[in-house]
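FYI, it's all coordinate maths here, none of it is from the lab. Note that the structure is a prediction, hence the values are computed from the model and not measured.
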């Protein structure tokens, strides 16, 4: 039929949770896409699970590190098309976690390509997605406030993912 629009893939809504673990002034990031992307660990919130417990579980599963939730962080929303078959609208709740135990060397190689500790400034530079940089910037402010240190001045708005 002439002029007909192609059918758009169906929309699926997903809810995930993740965390930013802090230890001795460093934060834990994961590498994906064969090490080309650095990001915050996150994953799906399972039925009957709170976002907080999902964040702790996903951080542990992906990085090998166990953390304790100390504060909520901003949530993010984004959309993408998965393999051309469906549109995903994702909502991710993030939390600041204090390091409890575990080693980043125990990351799950089936989930991620690596896990590594970074000082705050390097972590903010390494994060691939602007929306996760905003979450990490807020996490740094919260972490510093918990230590009684003044937060760094904020930059202007950044573009979405």
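Debye calculation, C-alpha points only, no solvent: report log10 I(q)/I(0) for segment 1-155 at q = 0.16, 0.18 Å⁻¹, in the same order as the q values.
The computed values of log10 I(q)/I(0) come out as -0.86, -1.07.
Could you work out how far helix 130-147 tilts from the main Cα principal axis of the chain, as a 0 to 90 degree angle to the nearest 10?
20 degrees
Please state the relative contact order of the chain as a whole percent: Cα pairs under 8 Å, 6+ residues apart?
Over the chain, the number comes to 27 percent.
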